[in-house]
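The values are calculated or read from the model by the stated rules, or taken from the named source; none is laboratory data. Since the model is a prediction, treat every value here as computed from it, not as a measurement. Here the Cβ is made from the backbone with ideal geometry for all residues, glycine too, and neighbour counts use every protein chain on show. Note: accessible area is taken over every heavy atom of the protein model, side chains too, but ligands, DNA and RNA are not part of it. Shrake-Rupley method; radii C 1.70, N 1.55, O 1.52, S 1.80 Å.
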Amino acid sequence: MDLDDNARNLVQALTNGDAEKISTSRFSSLLASKDRDYLLSSTTQDDQVKISDLEGKVIGLYFSANWYPPCRNFNKVLIGVYEQLKSNGSNFEIVFVSSDEDLSAFNSYRESMPWLSIPFSDLETKKALNRKFEVEGIPYLIILQPDGSTLHDGVELIYRYGIEAFPFTEEKLEELRREERMKHESQTLTNLLTNPGRDYLLDQTMTRKVPVDSLIGKTIGLYFSAQWCFPCAKFTPKLISIYQKIKQSLEGKGGGVEDFEIVFVSNDRDQSSFDSYYGTMPWLALPFGDPIIRTLAKYFDVQGIPCLIIIGPDGKTVTKQGRNLINLYQENAYPFTDAKLESLEKEMEEEAKRLPRSNYHAGHRHELTLVSEGNGGGPFICCDCDEQGSSWAYQCLGCGYEVHPRCMRAVDPATAASVQHT
């Protein structure tokens, strides 16, 4: 039964005065099939729940798959939120729409889920839901309200607000945004980094306690990272080098007027990993497992690591894009302000005027053309250093290969032609 068939059934139900079909028509048209009026449950004894039981509830349609790590990561967060909402008596339910490759993977993944599921075998219903809601990536969480309205950014809201987002109405979300704006406006370094039982940070020796108040008036980088994270392992040595260059530059100016410091916000899985990883770093750190770590990740909406948040001397957020700015401008990015970045962008524009319009790169066989944002360019991942870039780039117009201008290793066409990979 497709969506048009269900719509015709709704008209027939209205004509016949069939109260049960009228009340369940909305979710039935989405979730039922010709020979199925139930969903799979991981909690009921007969392992089935009537779709009609969803009437009047806030529903989350959860598009996910066991094979995709971001789905598994989000699944853990969603389970925590779901169980808290259910324990509070909230009128909320989730329906899993699987993108798993086979029944075994579906069953294995569903074992971890405390909510409902569309049977794996019902391919048509799953396809119809993906088409209707234009699902282009997973994990994806659609919120269906009892009044018929829908909200598409459920994953972001769960990551950002957790159970506070419920019941996911526009009024509730506007209230949360307003509270968030007020928190950011009253933000200070002290209320960011301290809690009632701790007013200090660890130094690199992990034996000296550095008062948070001693950092007031400095530019601070909050570095969210972890030893297990491969991109972090690549970025951390670069950040250490940039940090030391910025510190040396400030010392050369006489010191005392301004200063820069980084605070490690660990996402490590255990104390030994934290100790080992932090032992490579020359800056300060929050203690491993401190509850402020989770609060900061939520407050700054950190959805991936490594992440570098820059806090200005006044305690207010300067930018959440510290990592990208380090990759683009290295130590010249300091102090990361809009005025500084505007100056750097103008310098880059002038420098680009002196660059060759095209060239051959040692790591690619095709000719690369100089492009800019608005002229064939835009945000990209450099194929040479694997870091993000924007604005100017050398790009292969045939296959999309791109490198930062600074990563360009020019060779003659014959040498480039001998490169065996693209």
>> Starting from the Kirkwood Rh over alpha-carbon pairs, what translational D in µm² s⁻¹ does the range 189-344 have by Stokes-Einstein at 25 °C and 0.890 mPa s?
In response: 156
>> With a cut-off of 8 Å between alpha carbons and a minimum separation of six or more residues, what is the relative contact order of the range 355-417 in percent?
In response: 38
>> Nearest 10 degrees is fine. How inclined is helix 170-185 to the longest principal axis of the chain, computing both from alpha carbons?
In response: 20
>> For the range 189-344, what does the accessible surface come to per residue with a 1.4 Å probe? Please give it in Å².
In response: 45
>> Per residue of the range 355-372, what does 6.51 cos²θ - 1.76 cosθ + 1.60 with θ = phi - 60° give for ³J(HN,Hα)? Whole Hz please, x for Gly and Pro, Karplus curve as stated.
In response: 7, x, 5, 8, 6, 10, 10, 4, x, 8, 7, 8, 5, 10, 10, 6, 10, 9
>> I want to make sure I understand the PRE zone here: with the label point 7 angstrom from the Cα of residue 258 toward its beta carbon, which residues in the range 221-236 have backbone N atoms less than 19 Å away?
In response: 221-222
>> If you average the alpha carbon positions of the range 152-217 and of the range 339-402, how far apart do those two centres end up, in angstrom?
In response: 36
> Using 14 Å as the cut-off for backbone N distance, which residues of the range 156-190 belong to the label zone defined by a point 7 Å from the Cα of residue 314 along Cα→Cβ?
Replying inline: 184-189
>> So for the chain, averaging the separation of alpha carbon pairs under 8 Å that are six or more residues apart and normalising by length, what relative contact order in percent results?
In response: 10
> When we measure straight from the Cα of residue 245, which lysines land under 27 angstrom away, once same-chain ones fewer than 8 places off are left out?
Replying inline: 209, 218, 234, 253, 316, 320, 340, 346
> Given a 1.4 Å probe and every protein chain left where it sits, what share in percent of the accessible area of the range 183-248 is carbon and sulfur?
Replying inline: 57
>> If packing is taken as the average number of other Cβ atoms within 10 Å across a peptide's residues, how do 66-73, 53-60, 183-190 rank, most packed first?
In response: 53-60, 66-73, 183-190
>> I need the fraction of alpha carbon pairs in the range 81-128 separated by more than 18 Å, rounded to a whole percent.
In response: 37
>> On C-alpha positions alone, give me the angle between the axis of helix 123-132 and the longest principal axis of the chain, in degrees, nearest 10.
In response: 60
> For the chain, what proportion of DSSP beta bridges, expressed in % and rounded to the nearest 5, is antiparallel?
Replying inline: 65
>> I want to verify the translational diffusion coefficient of the chain in µm²/s; compute it with Stokes-Einstein, Rh as the Kirkwood radius over Cα pairs, at 4 °C and 1.567 mPa s.
In response: 51
>> Give me, ordered by chain and number, the residues 5 or more places off residue 264 or on other chains with an amide H under 5 Å from its own placed amide H.
In response: 223, 284, 285, 286
> Where does helix 230-252 land angle-wise versus the long Cα axis of the chain, in degrees 0 to 90, nearest 10?
Replying inline: 40
> Mind checking Rg over Rh on the range 263-381, alpha carbons, Kirkwood formula for Rh?
Replying inline: 1.07
> Percent of accessible area on the range 300-388 owned by carbon and sulfur, 1.4 Å probe?
Replying inline: 44
> With θ set to phi - 60° and the Karplus curve 6.51 cos²θ - 1.76 cosθ + 1.60, what are the ³J(HN,Hα) couplings of the range 208-221 in order, to the nearest whole Hz, using x for Gly and Pro?
Replying inline: 10, 9, 9, x, 4, 4, 6, 8, 4, x, 9, 7, 10, x
> Averaged per residue, what accessible area in Å² does the range 355-417 show with a 1.4 Å probe, protein chains only?
Replying inline: 47
